[in-house]
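Inspection log for the structure reproduced underneath, given as structure tokens.
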Amino acid sequence: MNGRALLGTLALVLLALLVWELRWVLLVLFGAVVVAVALDVPVTLLRRRLPLNRPSAVALVIAALVVVGWKVSELLLPELLQQANQFTELLPVLLQRLGDLAGGSVAFRGFEQRLLELATWEKLQPLGGQLLGVAGGAANSTIQILLMVLLAILLALDPKPHQRLVLAATPQFWRGSMRALLREGREALGGWLAGMTISAVTVFLLTWAGLALLRLPLALLSGLVCGLLTFVPTIGPTVATALPLAVALLISPAKVVQVLVLRLLLQNAEAFVLTPLLLSRTVNLLPTVALMAQLSLGALLGLPGVLLALPLVVVLQVVSQRVLVEQVMDRWT
């Protein structure tokens, strides 16, 4: 290995270490890009129909989102809070029912005894420090979310200078390809976000309506959880089904079967019909790729990594197709 190759390898190692140290900054930046693209989709549609400049369109879209969010919260938030309180009241009964189904509550009694042993002053003293750590983590997450939203608004207000900055950091012979790559990445990410949003809203409404027709308690809360976890394919819908199944378990085994059939029908319709139809013109991710991305980034970055895994894979899939496949593999003779 000559000196130039050794220097290049050392530079790549240092760059990898720098990226790892700044992973949370890069995660906030990528989250801001995702939110900016989500804002850019309605802004672009609005500017096609009305003679508005970009700042006015962004302000109008944000105002519309705030008003719609406020009205929806006025309609749904009181019932959601009521159902959340009802769920906390039903939780001990659910644990008792699970203990009975497990062949007796001996294990649960042992668990309760261990909780009582931990509920001493000597055991509870370290809990205060842990709670302070949780509060500090929550405050840090809140600051990161606020910074992400602020960066997203700044990116959505004027994206062209940021695109020119990326192009300026690209070699001259590859700037045309980089320009096309940025455009295709934005289209793929915007199409994926729009498709998944429509899919999540559809799952929320159909799950809420179906559980209400089955006269299941906490139908609104269960439908909202199922709709939100649609953004986490493969893992999310399966985890979301646990809530309505747990509530149905408190009623009867027949109700459990009804809820399970409803969720299986909706989940398969969303996964194999609705989502592929909505994403047919953009990027449709393979379930194995989506699951591995969620597991990998979840292990590295926790919950934020799970939430941003799929948008990142959407962008990386476009980059891999245009760079790795077309520029390297297709030309390899």
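No value in this document is a laboratory result; all are computed from the given coordinates. What you see is a predicted model, and the numbers here were worked out from it, not measured in a lab.
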If you consider only alpha-carbon coordinates, what radius of gyration and Dmax does the stretch 1-71 have, in Å? 21.0, 66
Filtering the chain for DSSP H helices with an axial alpha carbon extent of at least 15 Å and a Kyte-Doolittle mean of at least -1.0 returns 3-21, 23-49, 54-101, 106-118, 121-157, 175-213, 236-249, 253-269, 287-301, 303-319
Hey, any idea what Rg/Rh is for the stretch 127-281, computing Rh the Kirkwood way over Cα pairs? 1.14
Could you work out the equivalent-ellipsoid semi-axes for the stretch 221-333, taking the square root of 5 times each eigenvalue of the Cα gyration tensor, largest first, in whole Å? 35, 16, 10
Can you run the Rg to Rh ratio on the stretch 253-319? Use alpha carbon positions and the Kirkwood inverse-distance Rh. 1.11
What is the gain in length, in nm to one decimal, between Leu77 and Ala254 on full extension, counting 0.36 nm per residue of separation less the C-alpha to C-alpha distance? 60.7 nm
Compute the Rg to Rh ratio over the chain from the alpha carbon atoms, using the Kirkwood formula for Rh, and round to two decimal places. 1.03
So for the stretch 162-212, what percent of the C-alpha to C-alpha distances run longer than 18 Å? 54
If you average the alpha carbon positions of the stretch 58-90 and of the stretch 243-312, how far apart do those two centres end up, in angstrom? 23
Using eta = 1.567 mPa s and T = 4 °C, Stokes-Einstein with Kirkwood Rh from Cα pairs puts D for the stretch 179-260, in µm² s⁻¹, at 94
For the chain, modelled as a GNM with alpha-carbon contacts under 10 angstrom, which of Phe231, Phe204, Phe173 fluctuates the most? Phe173
